Amino acid sequence: MPASQRLLDFLHRHARVLLCGAAIVLAAAEVYVDWDTWIQLNVSIVYGLPLVLAALARNRRLIWILALMLFMATFAVYAVQIPPGSFAPHEPFFVNRVLASLTLLLSASLLHGLSVAADALEARRTEAEEASTRKSRLLASVSHDIRTPLTTINVMADLIRHTADDPALAAQVPELARSLQANALSMADMVSDVLDISAIDSGRVRLNESEFSLDELLALECRAFEPQARAKGLRLSLGLPRPPIRLRADKVKLARVLRNLIANAIKFTDVGGVTVHAAVVPGRLVLISVRDTGIGIAQDDLEHVFGEFAQLRNPGDDGKRGWGLGLAICKRLVGMMGGTIAVESMPGHGATFTLRLPAACPSESRESAGPLSAATG
């Protein structure tokens with residue numbers, strides 16, 4: 001790389017530091033010249049130049065440090081240079097210094113405001129670029145993940161077409177049709193998830209709060225998944241708190257979060273079972289946990305599990321499909337309700353997803369740490 005290019009790269013990387021240094025050096029030089037000579041400087045302009053350099057460096061603290069230092073230097077230099085007995089409030093040079101100092105402070109305020117505005121514009125530009133990148137990555141990931149059901153649908157359709165020509169294969173048509181439908185539904189769910197994420201991120205989704213029994217909601221959702229758990233030989237247990245909990249929250253969105261967590265727990269568990277617990281703990285936080293004895297989640301994946309990209313890959317080598325976009329949607333929905341969602345897991349030892357809803361959710365103050373605290377660790 002040429003020396004000139006290396007110099008340009010260095011200047012680009014350290015531009016702000018260099019500007020701050022230049023501002024400090026220039027301010028010191030100006031004070032020295034003003035102090036050591038009788039040259040009548042245009043203080044309001046000359047002393048404002050270091051502030052401009054500090055503003056270009058986006059260092060608002062330095063702007064005000066230099067402004068105060070130069071403000072004091074303005075009168076200190078005047079005090080040294082004015083002949084004894086010549087001072088008067090209306091003395092021209094004193095009036096000039098007063099006006100210059102006021103202009104200096106006004107310039108610092110304006111440069112501070114411009115720096116804040118510039119940072120805000122840069123932050124918006126960065127957010128826009130990140131949003132565009134996220135959308136591109138999401139589309140690329142979904143496009144890659146959607147090929148599997150599309151390929152399967154194409155193969156199934158081709159097989160059905162061949163069985164129609166061969167009466168001996170007619171018995172396979174119902175199974176092929178079920179497989180075709182399952183893959184079509186899988187693809188439809190994926191498209192729905194992408195649209196839901198887009199709607200949440202754009203602010204088109206609103207909370208519809210109502211008061212309801214958390215116990216009844218948990219029981220309803222668990223009953224809906226009993227056939228799936230029974231088909232895999234799994235236990236689906238529900239630990240309800242005492243006394244019962246009544247919430248004021250968005251029931252539909254909370255139900256969707258619970259369905260996703262229970263469905264994933266069953267999906268990735270082959271032996272053992274799934275346990276759902278709820279309780280109100282000190283601080284009136286509502287805790288809901290979904291614990292399974294399944295394949296677990298690798299430590300490297302835990303920090304990415306609620307994102308919308310990393311989950312599209314498989315969490316293990318067992319051939320099961322990854323977590324999809326459901327957990328990303330869960331995190332957004334729980335966040336809309338003012339809560340948080342977290343996961344604890346070890347590969348081969350299952351996983352525990354824990355929802356924490358804020359103190360504003362319980363309709364009445366209750367304290368019940370119960371078995372949930374032990375379940376969530």
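The values are calculated or read from the model by the stated rules, or taken from the named source; none is laboratory data. Predicted model only: the values in this text are computed from it and were never measured. In this analysis, Cβ positions are derived from the backbone assuming ideal geometry, glycine residues included, and neighbour counts consider all displayed protein chains.
Observations, loosely collected:
- Selection from the range 83-101 of residues that are among the aliphatic types (A, V, I, L, M) and at pLDDT 80 or above: Val95, Val98, Leu99, Ala100
- Of all residues in the range 197-222, those satisfying the criterion of being part of a helix (DSSP H, G or I) and modelled with pLDDT of 80 or more are Leu214, Asp215, Glu216, Leu217, Leu218, Ala219, Leu220, Glu221, Cys222.
- Some residue of the range 305-315 being at pLDDT 80 or above and either touching a Phe, Trp or Tyr at 6+ places or on another chain (Cβ under 6 Å) or in the same structural domain as Met346 (by TED's automatic domain parsing) (or both): yes
- Hits in the range 289-301 - residues which are more than 22 Å from Leu357 (Cβ to Cβ) and not charged (D, E, K, R): Thr293, Gly294, Ile295, Gly296, Ile297, Ala298, Gln299
- Among the residues making up the range 316-350, those that are at pLDDT 80 or above and over 29 Å from Arg284 (Cβ atoms) are Met346, Pro347, Gly348, His349.
- Yes/no for Glu175 being of a type in the set (D, E, K, R), surrounded by fewer than 18 Cβ atoms within 10 Å (Cβ to Cβ) and at pLDDT 90 or above: no
Okay, residues lined up against (1) in contact with a Leu (Cβ under 6 Å, 6 or more places away or on another chain); (2) surrounded by fewer than 20 Cβ atoms within 10 Å (Cβ to Cβ):
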| residue | (1), (2) |
| --- | --- |
| Leu254 | no, no |
| Ala263 | no, yes |
| Lys267 | no, yes |
| His277 | yes, no |
| Ile288 | yes, no |
| Arg291 | no, no |
| Ile297 | no, no |
| Leu302 | no, yes |
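- Taking the criterion of being surrounded by 13 or more Cβ atoms within 10 Å (Cβ to Cβ), more than 32 Å from the chain's Cα centre (by Cα) and either at pLDDT below 85 or not in a helix (DSSP H, G or I) (or both), the residues of the range 102-156 that qualify are Thr152, Ile153, Val155, Met156.
- Any hit, the range 265-274, residues being farther than 24 Å from Ser345 by Cα and out of contact with any strand residue (DSSP E or B) (no Cβ under 7 Å at 6 or more places or on another chain): no
- Taking the range 212-246 as the range and being over 12 Å from Ala278 (Cα atoms) and within 29 Å of the chain's Cα centre (by Cα) as the test, only Glu221 passes.
- Of all the residues in the range 332-354, those that are over 17 Å from the mean Cα position of the chain (by Cα) and either in a strand (DSSP E or B) or crowded, with 17+ Cβ neighbours inside 10 Å (or both) number 7.
- Residue count, the range 234-257 (criterion: in contact (Cβ under 8 Å) with a residue 60 or more places away in the chain, of a type in the set (A, V, I, L, M) and touching a helix residue (DSSP H, G or I) at 6+ places or on another chain (Cβ under 8 Å)): 4
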